[in-house]
């Protein structure tokens, strides 16, 4: 309980530190030297005339505006270039606000939901002075960044220092209870990561040291004090682990001396198992449905990437739906799909994630729908069959022709002309 009280106290201080923008009082004493406006049609206009600027100096750009983006430029007492950027939703509501200094993002950043509720409150100390995703991805944050949902409820309070995660960041349930506490040091996970239920009970504890899992980790049963799993890590390597069934509370898997099977829990059951060897994940991964009753996916991991066959199954059955073949994290080899009745739907070959070789399509009853031959994603040859026909209805040869596809009843559903191996689509 002490931890949660501290987190609410820290969050309260964070909220106090963020003063509302209101009339942006810090700029009222500065001289407006220019305004750049981009309208809803994307047309840009820059105003530098002192007479025209008098009108814009009186406008509250935090209120709804008929623009896409506005940049206001000032000079401060030191002769430095100061700017404020604002963007707007299509409904006119303000979307973003950013302060800049000497053509760098520096100062307050605010973002709103389209309904006018605040979304993000942050302080930026570096990065590109513009409001678009590529610029925003390079910003350096400092202090506490607050994130809210579209109802204005606090979702997260994230702590930064000079662009790096530093200190404890908090994430919240919709009812205001702490969901996660995540401590960082110099941008790396360091300390006890804690996860709580909406009622405030401890659900999970994971220990980190300099970005690596290290020490004891536990996962508790929701609504009780029963520890479902207990793991011990040594500098990122899993040494031991014991995992209990959520209902029977019996051991379902273990890791001993770095070898064995790790169980991952969902809300109601074990939803995934991972094979470990010498402390590292290596081997088969089995994914179950949310109740832990049926397998929905299997694949293999080697050296941190998928390798070998990956299979997806139809919900509630053991019938395969999709088969992929991986080679060191790259799709390469056979890809198959099946109909719900168990019959093969398609079979193709991939090389470096591109179609190369033979592709065969089937009707649900098992008859061939089409055969195609590809070379590095380009269609070289194709034959397309109507149900019940022995000979192709249409052909593509040397990359040219028309592919024709039918329903199982014989109705044409698609025609695709090809030239030089590429589809000609309007």
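The values are calculated or read from the model by the stated rules, or taken from the named source; none is laboratory data. Quick caveat, the model's predicted, so the values are computed rather than measured. Neighbour counts are summed over all protein chains in view; Cβ atoms, including those assigned to glycine, are modelled from backbone coordinates with ideal geometry.
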For residue 251, work out the one condition from (1) modelled with pLDDT of 95 or more; (2) surrounded by 14 or more Cβ atoms within 10 Å (Cβ to Cβ); (3) on the phi < 0 side of the Ramachandran plot it doesn't fulfil.
(2)
So residue 362 ticks every box in (1) surrounded by 17 or more Cβ atoms within 10 Å (Cβ to Cβ); (2) over 26 Å from residue 409 (Cβ atoms) but one. Which box is left unticked?
(2)
Of (1) surrounded by fewer than 18 Cβ atoms within 10 Å (Cβ to Cβ); (2) farther than 30 Å from residue 371 by Cα; (3) in contact with a strand residue (DSSP E or B) (Cβ under 7 Å, 6 or more places away or on another chain), residue 274 fails just (1)
Within the group 279, 316, which residue is surrounded by 15 or more Cβ atoms within 10 Å (Cβ to Cβ), over 24 Å from the mean Cα position of the chain (by Cα) and at positive phi?
279
Among 211, 258, 241, the single one that is more than 30 Å from the chain's Cα centre (by Cα) and at pLDDT 95 or above is 258
Considering only residues that are over 15 Å from residue 361 (Cα atoms) and assigned to a loop (DSSP other than H, G, I, E, B), look in region 392-409 and name the one that is nearest to the chain's Cα centre (by Cα).
399
Restricting the first residue to region 177-188 and requiring it to be in contact (Cβ under 8 Å) with a residue 40 or more places away in the chain, which pairs with a second residue that is surrounded by fewer than 18 Cβ atoms within 10 Å (Cβ to Cβ) meet a Cβ separation below 6 Å and a spacing of at least six or different chains?
177/198; 177/200; 178/4
Kindly indicate whether residue 160 is in a strand (DSSP E or B) and touching a residue at least 40 places away in the same chain (Cβ under 8 Å).
no
Is one or more of the residues making up region 296-313 touching a residue at least 40 places away in the same chain (Cβ under 8 Å) and touching a strand residue (DSSP E or B) at 6+ places or on another chain (Cβ under 7 Å)?
no
Taking region 131-141 and keeping only residues that are buried (at least 18 other Cβ atoms within 10 Å of the Cβ) and either in contact (Cβ under 8 Å) with a residue 40 or more places away in the chain or farther than 24 Å from residue 37 by Cα (or both), one is left with 131, 141
Residues located in region 180-193, provided they are under 26 Å from residue 112 (Cα atoms) and over 19 Å from the mean Cα position of the chain (by Cα):
181
Is there any pair linking a residue in region 43-72 that is outside the structural domain of residue 94 (by TED's automatic domain parsing) to one that is assigned to a helix (DSSP H, G or I), with Cβ under 9 Å and at least six apart or on different chains, and which?
none
